[in-house]
Amino acid sequence: MAPTSSVRFPEESAAYRTARDKLLAAEIELRARVEEVAALRRALPPGGAVVEDYVFEEGAVDAGGAETVRHVKLSELFMIPDASLVVYSFMYGPAMEKACPMCTAMLDGLDGTAPHAAQRINLVVVAKSPLARIRAFARERGWRNLRLLSSAGNRYNRDYHGESADGSQMPFLNVFTRRSGVTRHAYATEMLYVPAAPGQNGRHVDPIWPLWNLFDFTPEGRGSDWYPRLEYPAQPAP
């Protein structure tokens with residue numbers, strides 16, 4: 001029997017209810033498929049060992065308000081020892097005049113999610129720009145919770161596909177595990193590098209980016225000509 005809902009809305013037509021029940025069946029099927037794909041991710045065999053313990057730069061503000069810089073190895077990013085490490089490569093390279101607006105919009109949301117994520121996983125954001133430039137941009141955006149690292153002094157971006165051969169920065173997410181002192185690659189959003197169907201772009205990090213999923217609820221959908229910006233015109237006061 002096809003799934004039905006007991007919910008009804010004022011003045012809805014029979015045609016609407018018939019179409020909505022058909023959509024409900026598709027949504028339930030999609031939910032099951034999402035769970036199936038997540039199970040396939042979890043069932044992946046161990047990935048390749050990370051042969052270089054990459055050294056990143058990380059900043060902090062000391063008690064006197066001065067900025068400090070320290071070096072941190074990839075292996076030291078496992079603050080929760082047995083939990084996965086999720087590394088997002090942020091498109092903000094030294095040759096870029098401005099940070100990527102798409103990455104920025106996604107990270108605006110992830111900054112709010114980060115404290116919750118930190119209860120279960122290790123999460124960092126890596127960019128190729130010098131650390132001072134990354135931190136200045138973070139202050140401008142009001143980011144308070146993201147752990148931001150500079151990969152300006154290592155090959156992490158190139159080795160793990162956050163950078164193309166010509167030095168262009170790519171928006172890529174990698175997952176690592178660490179067991180018995182060995183760091184291994186576990187998963188990456190490789191769909192970025194697979195030719196996309198027309199109008200779909202990469203969509204490789206959509207699961208962590210609520211913006212597009214929010215648009216999917218609406219009759220307007222995602223559209224084909226709108227993308228996030230770094231700034232928007234000021235809205236009139238209510």
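Rule-based calculations on the coordinates, nothing more; no lab input. These figures come from a predicted structure and were not determined experimentally. Counting neighbours? That spans all protein chains shown, and the Cβs are built from the backbone with ideal geometry, glycine included.
One table, with the values for the structure above:
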| read-out | value |
| --- | --- |
| Set of aspartates and glutamates with alpha-carbon distance to residue 98 below 15 Å, sequence-local pairs under 8 removed | 140, 231 |
| Reach of residue 73 by Cα under 13 Å, taken over aspartates and glutamates that are not fewer than 8 positions away in the same chain | 52, 53, 57, 58 |
| Low-density loop cleavage sites - trypsin sites (Lys or Arg not before Pro) in segment 6-76, where at most 10 other Cβ are within 10 Å (DSSP) | 8 |
| Extension gain, residue 98 back to residue 23 (0.36 nm per residue minus Cα-Cα distance, nm) | 22.9 nm |
| For the chain, built as a Gaussian network whose Cα springs stay under 10 Å, the top-fluctuating residue of 211, 173, 149 | 211 |
| Potential lengthening between residue 214 and residue 82 on full extension [0.36 nm per residue; Cα-Cα distance subtracted] | 44.2 nm |
| Qualifying trypsin sites (Lys or Arg not before Pro) in segment 127-168, DSSP loop, other Cβ atoms within 10 Å at most 12 | 144, 155 |
| Distance cut-off 23 Å, percentage of C-alpha pairs in segment 55-191 lying past it | 30 percent |
| Among 171, 219, 210, residue whose mean-square fluctuation peaks in a GNM of the chain (springs only between Cα atoms under 10 Å) | 219 |
| Computed [θ] at 222 nm, deg cm²/dmol, the chain (DSSP H ≥ 4; -39,500 (n - 2.57); rounded to nearest 500) | -9000 deg cm²/dmol |
| Max mean-square fluctuation residue, GNM over the chain, Cα-Cα springs under 10 Å, options 15, 197, 127 | 15 |
| Cα→Cβ-extended label distance, 7 Å offset, between residue 232 and residue 11, nm | 2.9 nm |
| Square roots of 5 times each gyration tensor eigenvalue, C-alpha, the chain, largest first, Å | 36, 24, 18 |
| Ranked list, fewest to most other Cβ atoms within 10 Å of each Cβ, for 80, 134 | 80, 134 |
